[in-house]
Ligand SMILES: *[C@@H]1O[C@H](CO)[C@@H](O)[C@H](O)[C@H]1NC(C)=O
Ligand SMILES: *[C@@H]1O[C@H](CO)[C@@H](O)[C@H](O)[C@H]1NC(C)=O
């Protein structure tokens, strides 16, 4: 009996410590809190794998719990008027400063795209809701938060197209007048997959001759920018880092395009490129675009290109989608970059996506675009989201403060 309890106690302890303990670098602040937070994410991910294996609910369906846990009903408050509606058929949550008497001055606007790997997340999660409110009060801005549809129910290009439609609708002069928005002071912004969508839509708009209202700025927070090389130094260095391990990022990428597990496996092995992508590898060549300091101990080797057999035509189509700049904004020549709006790019040292962001910094600067690069030496992916108790981190506060400061000075 007593032995039984001891065995059980030890088993529970080792199971718990297996879950909680992770070799997180010493220099990261609030390490234990991060370990605890991450053990929740890891536990959920294992549960999601199990659920999918047993045929109960698919992986992303279970992971969606993360979104639901932080779900709020966005309501107007003393300073902010909140309206939920649709722009060109796509759901949006609109945050506006409350009118002050005879105030007729035009305002800034930020179009915000939430993160979550194109599969998770919502404008209605409390961290995004709070962020929008802060932007309204501190920038006197209108914030348009886009509730684009998600994969795997809606694969690429649906999430991108939803965002594009909302942006096109909002940037009409008649619509801007309705919300007292200054057409010269509009930014698009987003974190993680939202940063990907923000970068992609910025590129699309500047290509369109007929587009009268232009974006003034793009603010990309640890953005995802390319799917050709999933073995950059940051992918290797941070493959087991909290919040976004490499497997989860690869999972997000593959689910964005297909629910076919063969594609996920090919991406995990970095053998998902077909010969047609070969000419694009130069745009994500980290030995060229990553400053020496970020190379670490890693030596460059180009991702393999694989000629598929006839039966794999589906895979070839998928490889082509990955190379589509609407999915991988890094894959365009310099001529498509030089007229982009000025950029703010936030990167974190402990993030698989660090090098995506840094390579875009290098490429945009080389093309003559004004870029503010803010790198957090002790930052981890998703940091900006952790503003709500009990998962509130000091770094989140720093990130939000600096991000808003940049918008204040540049928008
Ligand atoms: C990447 O860059 C390195 C050096 O800048 C070069 O030797 C190599 O051929 C390049 N590879 C590709 C695929 O562009
Ligand atoms: C990278 O290349 C150098 C020089 O060829 C070699 O000494 C080193 O072991 C390589 N590093 C890795 C991680 O393969």
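Taken together, the values in this text are just the output of simple stated rules run on the coordinates, not laboratory data. Bear in mind that the values here come from a model prediction, so they are computed numbers and not experimental data. Methodologically, a virtual Cβ is constructed for each residue, glycine included, from the backbone with ideal geometry; neighbour enumeration extends over all protein chains shown.
Per DSSP H run of at least 4 residues, take -39500 (n - 2.57); add these up for the chain, divide by its residues and hand me the 222 nm value, nearest 500 deg cm²/dmol.
-12500 deg cm²/dmol
For the range 137-276, what is the convex hull volume of the alpha-carbon atoms per residue, in Å³?
142
Grab the Cα-Cα distance for residue 265 and residue 304, subtract it from 0.36 nm times how many residues apart they are, and report the gain in nm with one decimal.
That works out to 12.6 nm of additional length.
Can you tell which of 24, 221, 345 shows the greatest fluctuation in a Gaussian network model of the chain with Cα springs below 10 Å?
24
How many angstrom separate the Cα center of the range 78-98 from the Cα center of the range 151-193?
13
Please report Rg (one decimal) and Dmax (integer) in Å for the Cα set of the range 234-292.
Spelled out, the Cα radius of gyration and Dmax of the range 234-292 are 13.0, 37 Å.
For residue 30 paired with residue 287, estimate the spin-label separation in nm (one decimal), with each label point 7 Å from Cα along the Cα-to-Cβ line.
Computed distance between label sites residue 30 and residue 287 equals 4.0 nm.
Relative contact order of the chain, please, whole-number percent, based on alpha carbon pairs below 8 angstrom and at least 6 residues apart.
The normalised contact order for the chain reaches 15 percent.
log10 I(q)/I(0), Debye, Cα-only the range 195-235, no solvent, q = 0.16, 0.23, 0.24, 0.35 Å⁻¹?
-0.52, -0.81, -0.85, -1.19
For the chain, what are Rg and Dmax over the alpha carbons, in angstrom?
In order Rg, Dmax, the Cα atoms of the chain give 21.6, 79 Å.
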